[in-house]
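Enquirer: Before anything else, here's the structure in question.
The values are calculated or read from the model by the stated rules, or taken from the named source; none is laboratory data. Computed from a prediction, not measured in an experiment: that's the story for all the values here. Cβ atoms come from the backbone with ideal geometry, glycine included; neighbour counts cover every protein chain shown.
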Amino acid sequence: HTHTHTHTHNLIKEATVDKMSTVDKMLIKGIRSFDPENKHVITFFRPLTLIVGPNGAGKTTIIECLKLSCTGELPPNARSGHSFIHDPKVAGETETKGQIKLRFKTAAGKDVVCIRSFQLTQKASKMEYKAIESVLQTINPHTGEKVCLSYRCADMDREIPALMGVSKAVLENVIFVHQDESNWPLQDPSTLKKKFDDIFSATRYTKALEVIKKLHKDQAQEIKTYKLKLENLQTLKDAAYKLRESISQDQEKTGTLKIQMQELERNIQNVDAKIHHTEATLKDLRKLQDQISIKTAERSTLFKEQQKQYAALAEENEDTDEELKEWKTKFEERIALLESKISKLEREMSDMETKSSFLEKAIIQNIREISKLQTEAEAHMSLKNERDSTIQKLFARHNLGSVPNMPFSNEVALNLTNRLKSRLMDLEKDLEDKKKSNEVELKVAWDCYMDANNRWIDIEAQKQAKVEIKNGFLKRIAEKKNERDLFEEKIPNFNLAHIDEREKNMSIEIERKTIQLTEREFESNIHQKQSEIFNIEQKIKALTREKDVMAADSDDRVKLSLKKTELESRKKKPKKIMDEYKDRIRGVLKGRLPPDKDLKKEITQALSALGMEFDDLNSKSREAEKEVNMLQMKIQEVNNNLSKLHKDMDSRKRYIESKL
């Protein structure tokens, strides 16, 4: 089909400007006062054709038709074509069709026919103008077949001036000038300059420069925009590299912190062992302290016993004073040595008690920290388990594929979260595409339905008008039948005998008059001819009335048959449209095809259902996005808590190391 129209276009455009183009004939039908039912053909003679006639004869209409055929421009004061086409009210129809056929020879001597068809329809409150068809016809010199080029395949308003070898501006402002626009050389300078530029084709160079400047400006703006986008992408790229580096550094720090946690756990175990050893030492010290107190009590008791025994001595010691002093000195030295040992042991016991109390406090604090860390670790594990279960539920609910076994590592959780986000974006995009597709299909179906409904309403209105016309004819026929019955009833009431007698008398009188007028043959001949002429005129009038009645009846019958045919075709057209869009409607309505009266309701319900489904999917997507954001916040919170725990652990480690 495309190849055929391309070949036709090439055939029509085969022209070289070697001589002038000439206009041969033009057919006008249904334009202004020209009857839409009759064809009026005008032949243009060479080298000159004069069009004369009184006011209102259609001289200006012929020029307007020539201009419209060649340029496609409506004449001034045409009210968008409403006053250019024959008025349907004057024709007594709901719509009138107009057509202009122009046959001309191109500059190459090729015969080309331009056909432009129009339609003016009387609606309920306004008239609607429509250009039905524009066609170019010519004869293929190779095959002798008639080829056509439609307005759907080419711009008719450009093709015809090109075939004539003149520009559209020359046709409008020089050759086919309307009488209302014939004084354009007297207009203001700017309008005059514009028209001369159009006539001499000077505007295309300025337009080309303007287009080049506009393209240069647009391309510069696009380059600037792309530079900004490139800078933005470079910034995003640098940020992505930084994020990757920070992620790798954080992962390295996480590994280092895990190693430090293991070392701290080993140190805590060592400290626990030292604490147990210190507690055993304290127990030994307490035993020694108890033994010291016991020995001190025994010493005091022995000293008292010694004093008693010394006081109870009856005899003095026989040792010399030097021996006693020596013995006393040795005893005092021994006592001093024992007292120094006792004080040393007491100091050691005090130090051990102080150290024990400090270690007990440190143990209690460390136990609290350990319990706190265990609680936070359990909360962290609970959040991770909740995160993993939520991710697993989302994957299972939306059929996003298989997931690894729980628990997930941070990298796996991040990858799964990114998959959820990408799936959410795909679903949103798919939802938008489906919504747009459904809206387009629904709009097309609804437009087709409204078009068919409007056509059906117009056909019903035309049918009603024809029914009213038919009822008028039937009423007239009934009235004529009633008149005929009345005449038939009156005929028997006349006196036939009186009429016969009168007829005989009249015959006798006629014979007598005939005898009297035999001498005057010319007068008798004149009267005879006059009577014959009168009878012939009466017969002609009767035949004319009969012909008019028959013509009116035949025209009405033809119009009625045409309208019936048109009504049938219009009735079939909605069915054809329904058949054409049946699959789409079934696709929208899930395989169902409702009747015509319920079609609008079903489509409206389907549209509301699609809107509800879209809202539901949109809410689900928002909920999924909220869940993903909550999971990310929880992951961030857990990471923050983990970093805080690592910092606290480092500070505790430094504190314990400083104390040890």
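Enquirer: Search region 99-125 for residues being part of a strand (DSSP E or B) and within 39 Å of the chain's Cα centre (by Cα), and hand back the single one that is modelled with the lowest pLDDT.
Expert: Narrowing region 99-125 to residues part of a strand (DSSP E or B): 99-105, 111-122.
Pick out the ones that are also within 39 Å of the chain's Cα centre (by Cα) and you get 115-122.
On the way: Ile115: 93, Arg116: 92, Ser117: 92, Phe118: 92, Gln119: 92, Leu120: 92, Thr121: 92, Gln122: 88.
So, considering only residues that are part of a strand (DSSP E or B) and within 39 Å of the chain's Cα centre (by Cα), the one modelled with the lowest pLDDT is Gln122.
Enquirer: Continuing with the same structure: What residue, of Lys25, Lys29, Lys39, is out of contact with any helix residue (DSSP H, G or I) (no Cβ under 9 Å at 6 or more places or on another chain), modelled with pLDDT under 90 and surrounded by 13 or more Cβ atoms within 10 Å (Cβ to Cβ)? Give the derivation first.
Expert: On the way: Lys25 fails: modelled with pLDDT under 90; Lys29 fails: modelled with pLDDT under 90.
When all the criteria are applied, what remains is Lys39.
Enquirer: Out of everything in region 129-147 that is of a type outside the set (S, T, N, Q) and surrounded by 13 or more Cβ atoms within 10 Å (Cβ to Cβ), what residue ends up being farthest from Val90 (Cα to Cα)? Can you show your working first?
Expert: Applying the first criterion (of a type outside the set (S, T, N, Q)) to region 129-147 yields 129-133, 135-136, 139, 141-142, 144-147.
If we keep only those that are surrounded by 13 or more Cβ atoms within 10 Å (Cβ to Cβ) as well, we get 129-131, 133, 135-136, 139, 147.
Details: Tyr129: 16, Lys130: 19, Ala131: 20, Glu133: 24, Val135: 28, Leu136: 31, Ile139: 38, Val147: 37 Å.
Within region 129-147, the match that is farthest from Val90 (Cα to Cα) is Ile139.
Enquirer: Exactly one of these conditions fails for Glu432: (1) without any contact (Cβ under 8 Å) to a residue 40 or more places away in the chain; (2) surrounded by 13 or more Cβ atoms within 10 Å (Cβ to Cβ); (3) of a type outside the set (A, V, I, L, M). Give me its number.
Expert: Evaluating Glu432 over (1) without any contact (Cβ under 8 Å) to a residue 40 or more places away in the chain; (2) surrounded by 13 or more Cβ atoms within 10 Å (Cβ to Cβ); (3) of a type outside the set (A, V, I, L, M) leaves (2) as the failure.
Enquirer: Looking at region 356-367, can you tell me whether even one residue there is of a type in the set (D, E, K, R) and under 30 Å from Ile294 (Cβ atoms)?
Expert: The initial filter retains those residues of region 356-367 that are of a type in the set (D, E, K, R), namely 360-361.
Subset that is under 30 Å from Ile294 (Cβ atoms): 360.
Within region 356-367, one or more residues are of a type in the set (D, E, K, R) and under 30 Å from Ile294 (Cβ atoms).
Enquirer: Kindly evaluate Val412 against the criterion of being in a helix (DSSP H, G or I) and either at pLDDT below 75 or of a type in the set (A, V, I, L, M) (or both). Don't jump to the end; show me each part of the working.
Expert: Numbers: in a helix (DSSP H, G or I): yes; either at pLDDT below 75 or of a type in the set (A, V, I, L, M) (or both): yes.
So Val412 passes the test.
Enquirer: Next up: Quickly run through region 56-82 and pick out the residues that are assigned to a loop (DSSP other than H, G, I, E, B), free of Cβ contacts under 8 Å to residues at least 12 places away in the same chain and surrounded by fewer than 16 Cβ atoms within 10 Å (Cβ to Cβ).
Expert: Ala57, Arg79 - these are the residues of region 56-82 that are assigned to a loop (DSSP other than H, G, I, E, B), free of Cβ contacts under 8 Å to residues at least 12 places away in the same chain and surrounded by fewer than 16 Cβ atoms within 10 Å (Cβ to Cβ).
Enquirer: Would you mind stating whether Met381 is surrounded by 12 or more Cβ atoms within 10 Å (Cβ to Cβ) and either under 60 Å from the mean Cα position of the chain (by Cα) or on the phi > 0 side of the Ramachandran plot (or both)? Break it down stepwise before answering.
Expert: Numbers: surrounded by 12 or more Cβ atoms within 10 Å (Cβ to Cβ): yes; either under 60 Å from the mean Cα position of the chain (by Cα) or on the phi > 0 side of the Ramachandran plot (or both): yes.
When the stated conditions are applied, Met381 passes them.
Enquirer: A further question on this structure: Taking Leu215, is it surrounded by 10 or more Cβ atoms within 10 Å (Cβ to Cβ) and in contact with a helix residue (DSSP H, G or I) (Cβ under 7 Å, 6 or more places away or on another chain)? Steps first, please.
Expert: Numbers: surrounded by 10 or more Cβ atoms within 10 Å (Cβ to Cβ): yes; in contact with a helix residue (DSSP H, G or I) (Cβ under 7 Å, 6 or more places away or on another chain): no.
The answer is no for Leu215.
Enquirer: Okay, moving on. Quick one: which of Gln262, Gln269, Gln221 is in a helix (DSSP H, G or I), surrounded by fewer than 11 Cβ atoms within 10 Å (Cβ to Cβ), modelled with pLDDT of 80 or more and within 49 Å of the chain's Cα centre (by Cα)?
Expert: Working: Gln262 fails: within 49 Å of the chain's Cα centre (by Cα); Gln269 fails: within 49 Å of the chain's Cα centre (by Cα).
After applying the criteria, what remains is Gln221.
Enquirer: Another question, then. Residues being more than 30 Å from Leu642 (Cα to Cα) and at pLDDT 75 or above: count how many of those fall in region 343-379.
Expert: Start the filter on region 343-379 by keeping residues that are more than 30 Å from Leu642 (Cα to Cα), which leaves 343-357.
Keeping just the survivors that are at pLDDT 75 or above gives 343-355, 357.
Adding up the residues that qualify gives 14.
Enquirer: Follow-up question, since we're still on this one. Report the residue count in region 154-167 for those that are under 39 Å from the mean Cα position of the chain (by Cα) and crowded, with 17+ Cβ neighbours inside 10 Å.
Expert: Keep residues of region 154-167 that are under 39 Å from the mean Cα position of the chain (by Cα), which gives 154-160.
Pick out the ones that are also crowded, with 17+ Cβ neighbours inside 10 Å and you get 154, 156, 159-160.
Residues that pass the stated criteria total 4.
Enquirer: Okay, moving on. Can Ile115 be described as surrounded by 14 or more Cβ atoms within 10 Å (Cβ to Cβ) and not polar (S, T, N, Q)? Explain how you work it out, then say what you get.
Expert: Details: surrounded by 14 or more Cβ atoms within 10 Å (Cβ to Cβ): yes; not polar (S, T, N, Q): yes.
Criteria met by Ile115.
Enquirer: Quick one: which of Thr320, Thr296, Thr329 is farther than 30 Å from Met649 by Cβ, of a type in the set (Ser, Thr, Tyr) and at pLDDT below 80?
Expert: Values: Thr296 fails: at pLDDT below 80; Thr329 fails: at pLDDT below 80.
Of Thr320, Thr296, Thr329, the one residue that is farther than 30 Å from Met649 by Cβ, of a type in the set (Ser, Thr, Tyr) and at pLDDT below 80 is Thr320.
Enquirer: Additional query: Of all the residues that make up region 404-445, how many are closer than 19 Å to Glu386 by Cβ and aliphatic (A, V, I, L, M)?
Expert: Residues flagged as closer than 19 Å to Glu386 by Cβ and aliphatic (A, V, I, L, M) within region 404-445 amount to 6.
Enquirer: Follow-up question, since we're still on this one. Among the candidates Ser150, Ser125, Ser182, Ser167, single out the residue that is among the small types (Gly, Ala, Ser) and under 30 Å from Val90 (Cα atoms).
Expert: Values: Ser150 fails: under 30 Å from Val90 (Cα atoms); Ser182 fails: under 30 Å from Val90 (Cα atoms); Ser167 fails: under 30 Å from Val90 (Cα atoms).
After ruling out the rest, the residue left standing is Ser125.
Quick grid of which residues meet (1) among the charged types (D, E, K, R); (2) part of a helix (DSSP H, G or I); (3) surrounded by 11 or more Cβ atoms within 10 Å (Cβ to Cβ):
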residue: Lys344; (1), (2), (3): yes, yes, no
residue: Glu348; (1), (2), (3): yes, yes, yes
residue: Phe358; (1), (2), (3): no, yes, yes
residue: Ile363; (1), (2), (3): no, yes, yes
residue: Ile370; (1), (2), (3): no, yes, yes
residue: Leu373; (1), (2), (3): no, yes, yes
residue: Asn385; (1), (2), (3): no, yes, yes
residue: Ala396; (1), (2), (3): no, yes, yes
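Enquirer: Could you tell me which of the residues Glu128, Glu95, Glu37 is of a type in the set (Asp, Glu), within 26 Å of Ile469 (Cα to Cα) and over 43 Å from the mean Cα position of the chain (by Cα)? First the steps, then the outcome.
Expert: Working: Glu128 fails: over 43 Å from the mean Cα position of the chain (by Cα); Glu95 fails: over 43 Å from the mean Cα position of the chain (by Cα).
So the residue among Glu128, Glu95, Glu37 that is of a type in the set (Asp, Glu), within 26 Å of Ile469 (Cα to Cα) and over 43 Å from the mean Cα position of the chain (by Cα) is Glu37.
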